[in-house]
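The values are calculated or read from the model by the stated rules, or taken from the named source; none is laboratory data. In this text the structure is predicted, and so the values were computed from the model without any measurement. Because the Cβ atoms are built from the backbone with ideal geometry, glycine has one as well, and the counts that use them run over all protein chains shown. Quick note on the areas: whole protein, heavy atoms, side chains included, nothing else; ligands and nucleic acids left out. Shrake-Rupley method; radii C 1.70, N 1.55, O 1.52, S 1.80 Å.
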Amino acid sequence: MRTLVALTTLLVTGCGMPYWDGSVPPLDSRADPCGSGALTQKGVRALQRIPFLQSAYTDGATVAWAGMPRPETVVEVARGDDATREVVVRVPGTSVGADPNGEAVELHEDYDDTDPDGATSDDKDDDKDDDVVEAEDFFRLAARIEHLPPETAGYCYRLVSANEPLTEWASLTLAQPAGDERIDRFVLLGDTGNGHPAQRAIAARIASEPMDAVIFLGDIAYTSGTHEQLQARFFDVYASLLQRIPVYAVIGNHDNRTQRGKPFEEAFVLPGNERWYSFDLGDVHFVALDTTRIGREQARWLEADLAKTERKFTVVVGHHPPYTAAWRGSSRGFRRWFVPVLERHHVELVVTGHEHHYERTKPLDGIVYIVSGGGGAHLQRTGWKERTAVAHAKHHFLTMEVRADALVVRAIDIDGHLLDTVVVSDRR
C-alpha cells in the first residue's frame, strides 16, 4: 500500500523538486554607451510598455512598444559616436496586431499541456492574477528602422512624441552580416515566466552577458499567457535587456492557453506568421517552430525554408522536445513531422524547453538536441536514457558563441557556474 501511495504521489507531482530558495543577485548589466533608455516623465504617462527590439537586420531593426496611439510618435536614430545625438532617421510608429478596441476573452483550449507537477501551489499562486486585461489597454505599435549604413560605432534610438522624448537614448543592436569577423553571441532560455525569485535571479545573470540577441524557448507567461501575465512576467522582468537586445520567442503550451495564443501573437512583431518563422543573424540561420500546432502545413514550410538557406549553421528552436529522458517523454509529433526534415538538411543543433531541467543528447544522426527549460519555473528531476549525454536538474540559461567553424554552447547555472559545454561543428 505504501508503494502504491508513493507511486501515486510521484505521478501527481511529476518528479517535481523543491523551489529554489537562494538570493537574487544584484542587477549588474553592461553600461549602455548610448544612455539609460529610461522613461521620461512624459513617457511614464504615455507608454504602457517600454520600447523593445525585435527582428534585427544588418541595416536596422524593428522597435515595438505599447502606448497611446498618437500619430506623431516616432523613433529617432542617431549615430553612436555622435555626442550631440544628431538624428539621422525618424520613423513613425504604426499600429500592429489586433483592433485595439476589441476585447480579450478567456478561451482555454483542450491541448494536452500537462504540468510537470499537476495542480500545485505554484499553479494556485499563478491563478490569482489571471484576470483578463482588455485589449484596448494595450495599443501595440511598431516602427521598422532600415537602410542604415554600416557604422562601427553603432546606433542609438529613443521614442519621441510631439518633439518631446518619451525615453532616454538606448543602443539599437543590429544583426551582423554573414562572414563578419566579429564573434556573434546569443543567449537562450526556456520556461521562465512564473514570477518566482529563480526567474529574477536568472534574469540578473543574463543581463551581464555579452549578446547580440536573446531567444526565449516558450512558456514565458504562466499559467495561461494572458495580456497581464505577458506584461508582468515577461516585459516587466526583462525590460532593460529587451530595450537594447533584439528578442525572439517561440510559443509554449502555457502561452497558448488563452485564445490559442492570441495575446502572444499581439505582443510581438515577429517574422512570418509569428507562430513559426525563421531569421538570420550573422552566420546562423535560426528556425523557430510552433510545437503546439505540429502538422503537415508547418512541416512543408520547414522543408522549403531549410532548402533555401545559405548560412553556415542552422539552429532550430521550439518548446516541446523531440528527445528527452524526462517523465513526460518526447514529442512524437516533433519526431514524426520535423526530425526527418532536419536530418535531410543537415541541421546542427535543436534547442527546446518544456522540461524544467538541462539535458543534452549525444549526436543523433549528426544533430545535437538540447533541452533548456530551467529559466525560472519549478524544476523537475531528470531521467536518463542511452542517448543522454548530460542531464542536470538545475536552473540555468544557455550562451552560444559562433566561431568560424563551430558553435560553442555553454549551460550556466543560477549561481553562475558552468554546467556543460558542447562544441557543434559545421555540417555543410
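For segment 136-243, GluC sites (Glu not before Pro) meeting the loop criterion (DSSP other than H, G, I, E, B) and having at most 15 other Cβ atoms within 10 Å: Glu146, Glu151, Glu181. Inverting the pair-averaged 1/r between distinct Cα atoms of segment 154-221 gives 14.8 Å as its Kirkwood hydrodynamic radius. Evaluated over segment 270-428, the count of Lys pairs having alpha-carbon atoms less than 30 Å apart is 5 (only pairs 8 or more residues apart or interchain). Overall, the anisotropy analysis places segment 289-331 in the oblate class: the square-rooted eigenvalues a ≥ b ≥ c of its C-alpha gyration tensor yield a/c not less than 1.5, with a/b not exceeding b/c.
Counting only residues 5 or more places away or on other chains, whose amide H sits under 5 Å from the amide H of Val317 once H atoms are built in the peptide plane? Amide H to amide H, under 5 Å and 5 or more residues apart or across chains, Val317 pairs with Val287, Ala288, Leu289, Val351. Solvent-accessible area of segment 189-329 (1.4 angstrom probe, protein heavy atoms only): carbon and sulfur portion equals 42 percent.
Between Ser95 and Arg344, how high is the FRET efficiency from 1/(1 + (r/R0)^6) when r is the Cβ-Cβ distance and R₀ = 35 Å? Nearest 0.05.
Plugging the Cβ-Cβ distance into 1/(1 + (r/R0)^6) gives 0.30.
Of Ser372, Ser331, the order by accessible heavy-atom surface (1.4 Å probe, DNA, RNA and ligands excluded), from most exposed downward, is Ser331, Ser372. Of the two radii for segment 45-92, the radius of gyration is 1.00 times the Kirkwood radius, both from the alpha carbons; that is the Rg over Rh value. Only protein heavy atoms count here; under a 1.4 Å probe, Tyr369 has an accessible surface of about 10 Å².
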